[in-house]
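In what follows, a single structure is set out as structure tokens and then discussed.
The values are calculated or read from the model by the stated rules, or taken from the named source; none is laboratory data. This is a predicted model, so every value here is computed, not measured. Glycine gets a Cβ as well: all are built from the backbone with ideal geometry, and neighbour counts include every protein chain shown.
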Amino acid sequence: MKKRALLVLFITLTFTISQLFAGNQFTVKPVKPVPGEKITVTYNPENTPLKDSKSITMIACPYGKFIDGKEEIIMKKNGANWEAQFAVSDTSYGVFIIFEGDENKDTNNKNGYVIHLFGKDGKELPGTYAGLGGAFGSWLSILDLDTDQEAAYKLFKKEFSVNPDQKKDFLSNYLATVNSVEKEKGKETILSELKSLAQKDNLSEGDLSLLISWFDRLKETEESAKYKSIVNEKYPNGNYSQMQKFLALRQIKDAEEKMKSFNDFLNAYPNSVYKMNIHSEILRNYIQTGKYSEAKTFLTEKFTGATASQYNSLAWSMFEKNADLNLALDIAGKGVAVGREQLVKPAQPKPAYYTAKEWEKYGRNSLGMVLDTYGMIQDKLGKKDEALKSLEEAAELSGFENPELNENYSRLLVESKNYQKAKTEIEKYISDGFSTPAMKDLLKTAFIQTGGSENGFAGYYQKFEDAAKEKIIAKLKKDLIDEPAPQFSLVDLNGKKVSLADFKGKVVIVDFWATWCGPCLASFPGMKLAVEKYESTGKAKFLFLNTWENVEDKVKNAGDFISKNNYPFHVLMDDKNEVVSAFKVSGIPTKFIIDGKGNIRFKSVGFGGNTDEMVEEIGIMISMIE
């Protein structure tokens, strides 16, 4: 279904949006909307995942070169249809639309619904297809939609054939797409574009930076060196020069020398775009060297726009090392105050890719994290009552959806002998799927202390575990897909050629990863458990595709890592990044669960941090499609 939908998109690019998505499912008025005027969207959910929803919200995401904003609009029911109105700014080229119901989303098969914008002459705005290409080529994943390099490539080509002047504004994104799609002559095409750019009069700093970046990427060292010399001579205090100096400073090993160099940099460039990065590096340096008092002074007096998260990093480090807990308590308390203030008046502007509600949730989670640290320190200092209040508020701010915060609150309830409340709360956390393994023992203690027996616990606990499993199954049923997996053949760490087709009849879990990817590595202890638990049945095969590495010897790099950590993984080398592109992966870790017929049935992006839940979920997915 997805490929078919994309094919329709390419065939009908020149038509209006009502023709693009045939039928009455999604229409707009006026048919050719102009930036600044009100647009009415009519949506019929009958043949969508939202057909039974009692309420529907439209998420409107205007785009230009990047996403311009993200707005939630409550739709009104009108017979069988739902309607909403909104307007976009003069800088936008088009709008991505997503619909959310009571529990489900309609994302048009992960492509979004697209509204093209027009000029007053009735013609599509210059940039509308290139903007759409930029979305499909890079940033669309932040909306939980699928990127697609082939789609992006065709959109860029269409834009430049109609509006060649637009190429200069989208050149970097276009070159990235060429690099991904044009397998044989990609380098030749990119070098041709770079040569054309280099012939411009009065190259800007942005032009020079782009030339340097791509010549470096293509290993054209002489060309890169030439333009580095030009940019440093022409823009000695520009962003490129500052970036190089900043990166050099980060490599300094000696803490004192590093701190002095950072301060010298800020004195030389007080308004640098890297000021926040420098401040974060200085704070990290203080933490690493154990200069906690200096770190507090720096945070409160010099760190411009310090957030609750920065205070939390410092206080949590001190808590873990049991270092000057009274000072840590003071720092965490200041972080709580900053977090509360930021909820009312954020120190940083809302990013375009957040709705107002999502940005508020982000602020609540940040406050919850520092409150959790505050409560843990209070507990360690013997202030049990204050700690319990802090930990309860921390868990509540997260919507009781953060397993670690739920565990900390539950543990203190049990330690405070508040067994009945602990029992009630932990039952809910486990049933809802927001628990940790340690909470089973906490619940057992609360269960026995409220009249239960040791022998009766297993049966009592099973019903909450079953409820959690039912929720996972219900969620996975909504996530179930059915589309052919791209076929591939790659070499493993032993030099043996391995193909996806080798495992026909088995469920195959394809996990894309890289040695530099923190979430990938954080997931690996759980993936080790999953391999040991499910591969032994003979019904499933795990393939770990190493990709997106930027090292000379990729096989040695991956092999050394696997060997050092003693992971029983079958690693395949996607050294040309071709398979990761074929699977349209936009971020790692990403796992694909493929059935015995070679069809993708599930796609899982990222790692939520709960190892046991991940292992359980993989097992359920295998059982659902084997």
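Which one of these is surrounded by 15 or more Cβ atoms within 10 Å (Cβ to Cβ) and more than 14 Å from residue 597 (Cβ to Cβ): 493, 500?
On the way: 500 fails: more than 14 Å from residue 597 (Cβ to Cβ).
Just one listed residue meets the conditions, 493.
In the stretch 181-210, what residues are loosely packed, with under 13 Cβ neighbours inside 10 Å and either over 33 Å from the mean Cα position of the chain (by Cα) or in contact (Cβ under 8 Å) with a residue 12 or more places away in the chain (or both)?
If the condition is that a residue be loosely packed, with under 13 Cβ neighbours inside 10 Å and either over 33 Å from the mean Cα position of the chain (by Cα) or in contact (Cβ under 8 Å) with a residue 12 or more places away in the chain (or both), then 183, 192, 195, 196, 199, 200, 201, 202 are the ones that fit.
Out of everything in the stretch 35-77 that is of a type in the set (Gly, Ala, Ser) and more than 19 Å from residue 117 (Cα to Cα), what residue ends up being surrounded by the most Cβ atoms within 10 Å (Cβ to Cβ)? Steps first, please.
Of all residues in the stretch 35-77, those of a type in the set (Gly, Ala, Ser) come to 36, 53, 55, 60, 64, 69.
If we keep only those that are more than 19 Å from residue 117 (Cα to Cα) as well, we get 53, 55.
Working: 53: 19, 55: 12.
Of everything passing the filter in the stretch 35-77, 53 is surrounded by the most Cβ atoms within 10 Å (Cβ to Cβ).
Picking from 348, 288, which residue would you name as being surrounded by fewer than 18 Cβ atoms within 10 Å (Cβ to Cβ), within 26 Å of the chain's Cα centre (by Cα) and touching a residue at least 12 places away in the same chain (Cβ under 8 Å)? Reasoning before the result, please.
Numbers: 288 fails: within 26 Å of the chain's Cα centre (by Cα).
Residue meeting the stated conditions: 348.
If I filter the stretch 465-478 for residues that are farther than 28 Å from residue 526 by Cβ, touching a helix residue (DSSP H, G or I) at 6+ places or on another chain (Cβ under 9 Å) and surrounded by fewer than 15 Cβ atoms within 10 Å (Cβ to Cβ), do I get at least one hit? It would help to see each step written out before you state the result.
Pass one, the stretch 465-478, residues farther than 28 Å from residue 526 by Cβ: none.
Within the stretch 465-478, none of the residues are farther than 28 Å from residue 526 by Cβ, touching a helix residue (DSSP H, G or I) at 6+ places or on another chain (Cβ under 9 Å) and surrounded by fewer than 15 Cβ atoms within 10 Å (Cβ to Cβ).
For the stretch 44-95, how many residues are aliphatic (A, V, I, L, M), outside any strand (DSSP E or B) and within 19 Å of residue 106 (Cα to Cα)?
Filtering the stretch 44-95 for residues aliphatic (A, V, I, L, M) gives 50, 56, 58-60, 67, 73-75, 80, 84, 87-88, 95.
Restricting the remaining residues to those that are outside any strand (DSSP E or B) gives 50, 56, 75, 80, 88.
If we keep only those that are within 19 Å of residue 106 (Cα to Cα) too, we end up with 50, 56, 75, 80.
The qualifying residues number 4.
Taking residue 440, is it closer than 24 Å to residue 146 by Cα and without any contact (Cβ under 8 Å) to a residue 24 or more places away in the chain? Outline the logic, then answer.
Details: closer than 24 Å to residue 146 by Cα: no; without any contact (Cβ under 8 Å) to a residue 24 or more places away in the chain: yes.
Taking the combined requirement at face value, the residue does not satisfy it.
For the condition more than 29 Å from residue 344 (Cβ to Cβ) and either assigned by TED's automatic domain parsing to the domain that holds residue 373 or not in a helix (DSSP H, G or I) (or both), what is the one hit in 290, 305?
Values: 305 fails: more than 29 Å from residue 344 (Cβ to Cβ).
Answer to the check: 290.
If only one of 328, 356 is in contact (Cβ under 8 Å) with a residue 40 or more places away in the chain and touching a helix residue (DSSP H, G or I) at 6+ places or on another chain (Cβ under 9 Å), which one is it?
Numbers: 356 fails: touching a helix residue (DSSP H, G or I) at 6+ places or on another chain (Cβ under 9 Å).
Only one candidate passes the filter, namely 328.
When the residues of the stretch 155-166 are narrowed to those that are surrounded by fewer than 20 Cβ atoms within 10 Å (Cβ to Cβ) and touching a residue at least 12 places away in the same chain (Cβ under 8 Å), which ends up farthest from residue 67 (Cα to Cα)?
In the first step, residues of the stretch 155-166 are kept if they are surrounded by fewer than 20 Cβ atoms within 10 Å (Cβ to Cβ); the result is 157-158, 160-165.
The next check asks that each one be touching a residue at least 12 places away in the same chain (Cβ under 8 Å); those that pass are 158, 160, 162-163, 165.
On the way: 158: 20, 160: 20, 162: 23, 163: 21, 165: 21 Å.
It comes out as 162.
Return yes or no: is residue 212 in contact with a Lys or Arg (Cβ under 6 Å, 6 or more places away or on another chain) and either of a type in the set (A, V, I, L, M, F, W, C) or not assigned by TED's automatic domain parsing to the domain that holds residue 265 (or both)? Outline the logic, then answer.
Numbers: in contact with a Lys or Arg (Cβ under 6 Å, 6 or more places away or on another chain): yes; either of a type in the set (A, V, I, L, M, F, W, C) or not assigned by TED's automatic domain parsing to the domain that holds residue 265 (or both): yes.
Yes, satisfied.
Please state which of the following conditions residue 227 fails to meet, knowing it meets all the rest: (1) farther than 21 Å from residue 576 by Cβ; (2) surrounded by fewer than 18 Cβ atoms within 10 Å (Cβ to Cβ).
Unmet for residue 227, out of (1) farther than 21 Å from residue 576 by Cβ; (2) surrounded by fewer than 18 Cβ atoms within 10 Å (Cβ to Cβ): (2).
How about the stretch 416-443: which of its residues are surrounded by 19 or more Cβ atoms within 10 Å (Cβ to Cβ) and either among the basic types (Lys, Arg) or more than 18 Å from residue 406 (Cα to Cα) (or both)?
The answer is 423, and nothing else.
Would you confirm, using the coordinates I've provided, whether residue 591 is crowded, with 20+ Cβ neighbours inside 10 Å, of a type outside the set (A, V, I, L, M, F, W, C) and either touching a strand residue (DSSP E or B) at 6+ places or on another chain (Cβ under 6 Å) or outside the structural domain of residue 548 (by TED's automatic domain parsing) (or both)? It would help to see each step written out before you state the result.
On the way: crowded, with 20+ Cβ neighbours inside 10 Å: yes; of a type outside the set (A, V, I, L, M, F, W, C): yes; either touching a strand residue (DSSP E or B) at 6+ places or on another chain (Cβ under 6 Å) or outside the structural domain of residue 548 (by TED's automatic domain parsing) (or both): yes.
So residue 591 passes the test.
Given the criteria in a helix (DSSP H, G or I), among the acidic types (Asp, Glu) and outside the structural domain of residue 576 (by TED's automatic domain parsing), does residue 201 qualify? Give the derivation first.
Details: in a helix (DSSP H, G or I): no; among the acidic types (Asp, Glu): yes; outside the structural domain of residue 576 (by TED's automatic domain parsing): yes.
So residue 201 does not fit the description; no.
Which residues, taken from the stretch 382-416, are among the hydroxyl-bearing types (Ser, Thr, Tyr), in a loop (DSSP other than H, G, I, E, B) and closer than 26 Å to residue 361 by Cα? Before the answer, list the steps.
First, pick out the residues of the stretch 382-416 that are among the hydroxyl-bearing types (Ser, Thr, Tyr): 390, 398, 409-410, 416.
Still in the list and also in a loop (DSSP other than H, G, I, E, B): 398, 416.
Hit for the stretch 382-416 is 398, nothing else.
Any residue in the stretch 211-224 that is more than 30 Å from the chain's Cα centre (by Cα), surrounded by fewer than 17 Cβ atoms within 10 Å (Cβ to Cβ) and at pLDDT below 90?
No: the stretch 211-224 contains no residue that is more than 30 Å from the chain's Cα centre (by Cα), surrounded by fewer than 17 Cβ atoms within 10 Å (Cβ to Cβ) and at pLDDT below 90.
Condition first: at pLDDT 95 or above and of a type outside the set (A, V, I, L, M, F, W, C). Now tell me which residues in the stretch 503-514 satisfy that.
Scanning the stretch 503-514 gives a single hit, 511.
Could you please let me know if residue 533 is more than 14 Å from residue 619 (Cβ to Cβ), more than 21 Å from the chain's Cα centre (by Cα) and not hydroxyl-bearing (Ser, Thr, Tyr)? Reasoning before the result, please.
Details: more than 14 Å from residue 619 (Cβ to Cβ): no; more than 21 Å from the chain's Cα centre (by Cα): yes; not hydroxyl-bearing (Ser, Thr, Tyr): yes.
The answer is no for residue 533.
Condition first: under 30 Å from residue 95 (Cβ atoms) and assigned to a helix (DSSP H, G or I). Can you find one or more residues in the stretch 311-326 that meet it? Spell out how you get there, then give the answer.
Step one: of the stretch 311-326, the residues under 30 Å from residue 95 (Cβ atoms) are none.
Taking every residue of the stretch 311-326 in turn, none turns out to be under 30 Å from residue 95 (Cβ atoms) and assigned to a helix (DSSP H, G or I).
Out of the helices (runs of 4 or more DSSP H) lying entirely within the stretch 417-515, which hold 3 or more residues that are under 25 Å from the mean Cα position of the chain (by Cα)?
Details: elements: 419-432, 438-449, 457-479.
So the answer is 457-479.
Would you be able to say whether some residue in the stretch 107-116 is in contact with a Pro (Cβ under 6 Å, 6 or more places away or on another chain), in a loop (DSSP other than H, G, I, E, B) and of a type outside the set (Ser, Thr, Tyr)? Before the answer, list the steps.
Step one: filter the stretch 107-116 for residues in contact with a Pro (Cβ under 6 Å, 6 or more places away or on another chain), giving none.
No, that holds for no residue.
Among the residues of the stretch 327-369, what is the count of those that are in contact with a strand residue (DSSP E or B) (Cβ under 8 Å, 6 or more places away or on another chain), among the aliphatic types (A, V, I, L, M) and in a helix (DSSP H, G or I)? Walk me through it before giving the result.
Keep residues of the stretch 327-369 that are in contact with a strand residue (DSSP E or B) (Cβ under 8 Å, 6 or more places away or on another chain), which gives 352-353, 355-357.
Among the residues that remain, those that are also among the aliphatic types (A, V, I, L, M) are: 352, 356.
From what's left, in a helix (DSSP H, G or I): 356.
Number satisfying all stated conditions: 1.
Go through the stretch 565-600 and give me each residue that's polar (S, T, N, Q) and either touching a Phe, Trp or Tyr at 6+ places or on another chain (Cβ under 6 Å) or in a loop (DSSP other than H, G, I, E, B) (or both). So that I can check it myself, show each step before the final result.
Kept after step one, since they are polar (S, T, N, Q), are these residues of the stretch 565-600: 565-566, 577, 581, 586, 590, 599.
Hits for the stretch 565-600 are 566, 577, 586, 590.
Please tell me if residue 455 is loosely packed, with under 12 Cβ neighbours inside 10 Å, free of Cβ contacts under 8 Å to residues at least 40 places away in the same chain and in the same structural domain as residue 538 (by TED's automatic domain parsing). Explain how you work it out, then say what you get.
Details: loosely packed, with under 12 Cβ neighbours inside 10 Å: yes; free of Cβ contacts under 8 Å to residues at least 40 places away in the same chain: yes; in the same structural domain as residue 538 (by TED's automatic domain parsing): no.
No; evaluated as a whole, the condition is false for this residue.
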